[in-house]
1. Rounded, prolate or oblate, given the Cα gyration tensor of segment 104-193, with a/c below 1.5 counting as rounded?
2. Between SER159 and ASP188, what is the label-point separation in nm under the 7 Å Cα-to-beta-carbon projection?
3. Could you go through segment 157-172 in sequence order and give the Karplus-derived ³J(HN,Hα) for each residue, using 6.51 cos²θ - 1.76 cosθ + 1.60 with θ = phi - 60°, rounded to whole Hz, and x for Gly and Pro?
4. Could you please state, rounded to a whole Å, how far the C-alpha centre of segment 31-48 is from the C-alpha centre of segment 139-167?
Amino acid sequence: MRVFITFVLGFIISLNVYSATCADGFPAIEYGNYEQYQADYANASVSALQEAHEVLHNILMNGETADTPALLEQQQVVEYFLDCAQVDADIVAAEDPITADFSGSWYSYWGSNPDARVPMNLVQNGVEVVGSYEYQGGRIEGTVTGNVLSGTWSQTNGSNGYVELTLNDNGTQFSGRWRYPEQDWVVDPWNGYR
């Protein structure tokens with residue numbers, strides 16, 4: 001079970017964000033390996049950590065196993081690094097005010113047909129973005145790093161997943177990708193314009 005979880009989480013983690021800065025308060029390690037946790041999670045992006053947390057949560061919700069104490073410990077470590085990654089994102093935003101502005105009204109669409117558009121409204125506060133789109137009561141929230149919005153989407157029909165939207169240089173269009181939890185990115189892009 002541990003090998004499978006390590007493989008899944010190792011596959012999910014992308015080392016593309018700043019390392020965690022909060023070194024104090026690391027959870028006590030009784031079942032796992034401190035160095036392995038550092039290697040797996042210390043440089044992970046917020047969205048990768050959110051996904052790792054979800055994977056662990058889903059495994060734990062399926063019932064108690066011999067690995068349950070280790071999984072609970074691993075979940076605490078992921079939560080720790082998730083908090084640290086959020087602190088890092090806030091620090092980077094404060095130090096680097098050149099962050100794309102996704103705020104405003106958009107027309108978004110999936111696939112290659114911009115005429116099949118859905119109105120979307122986003123509100124950005126610092127690096128945090130929340131918003132909605134007019135399809136199945138859609139909601140989106142995430143964090144902006146540079147010109148990329150990474151986060152989650154959800155709909156009232158129960159569908160949900162992850163999204164990454166990249167704003168163009170003049171802030172009038174974004175190109176993106178989306179996926180369901182524990183699946184590959186969908187072939188049809190999620191694009192938009194204003």
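1. rounded
2. So the two model labels end up 0.7 nm from each other.
3. Each residue's phi maps through the Karplus curve to give 7, x, 5, 6, x, 10, 9, 9, 10, 10, 7, 6, 4, 8, x, 9 Hz.
4. Taking the Cα centre of each part, segment 31-48 and segment 139-167 sit 23 Å apart.
Read the figures in this text as sums done on the coordinates, not as results from a lab. Keep in mind the model is a prediction, meaning the values are calculated, not measured. Virtual Cβ from ideal backbone geometry, glycine too; neighbours counted across all protein chains shown.
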